[in-house]
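Report on one structure; see the data block that follows.
The values are calculated or read from the model by the stated rules, or taken from the named source; none is laboratory data. In this text, all values refer to a predicted model and were calculated from it rather than measured experimentally. Glycine also receives a Cβ, built like all others from the backbone with ideal geometry; neighbour counts cover every protein chain displayed. These area figures cover heavy atoms from the full protein model, side chains too; ligands, DNA and RNA do not enter into them. Shrake-Rupley method; radii C 1.70, N 1.55, O 1.52, S 1.80 Å.
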Amino acid sequence: MDGQGEEHFIPVARLSDLDERGRAVVRVGEEWVALVQVEGRLHAVQQACPHRGGPLSEGDQDGCLLYCPLHAWAFDVRTGDSPTHPGARVRIYAVRVIGDEIQVAASGRLPVP
Ligand code: FES
């Protein structure tokens, strides 16, 4: 066993819960998590910007880059890294869709610096 198949996924929303931009904010354990769709694929990142807590789900998007609505720090939703502020990172979560149910891995992870 390599451990990869042991990730615990929890249901957080349905596809119909996504807004017109393909986004939703859901609760995963103790944390609010933003679901963000990029070219039909869902990604999950922590909702609170690591700078001053801005709501990332409300930010502008350019492909895989999500811009915080407060001070425009950018984060790559695939990796959690910030190309505009190296060293700043957001927690990312594995996402899967079963039928119309969106499931997120219970344990998020920070990208490797
Ligand atoms: S709170 Fe997000 S960039 Fe400042």
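In nm, to one decimal, how far is the modelled label at ARG52 from the one at GLU101, with both set 7 Å along Cα→Cβ?
4.1 nm
Cysteines of the chain lacking any other cysteine beta carbon under 4.7 Å?
That list is CYS64.
Based on Cα coordinates alone, diagonalise the gyration tensor for the chain, multiply each eigenvalue by 5, take square roots, and list the semi-axes in whole Å, largest first. It would help to have the intermediate numbers written out before the result.
Details: eigenvalues 93, 58, 28 Å².
Its equivalent ellipsoid spans semi-axes of 22, 17, 12 Å.
Amide H neighbours of ALA13 under 5 Å, at least 5 residues apart or on other chains, H built in the peptide plane: list them.
So ALA13 has HN proximity to ILE102.
In whole percent, and with a 1.4 Å probe on the protein chains, what portion of the accessible area of the chain is carbon and sulfur? Numbers along the way, then the final one.
Working: 3080 of 6450 Å².
Answer for the chain is 48 percent, counting heavy atoms of protein chains only.
Pop a pseudo-label 7 angstrom from the Cα along the beta-carbon direction at both GLU30 and ASP60 and give the gap in nm to one decimal.
3.5 nm
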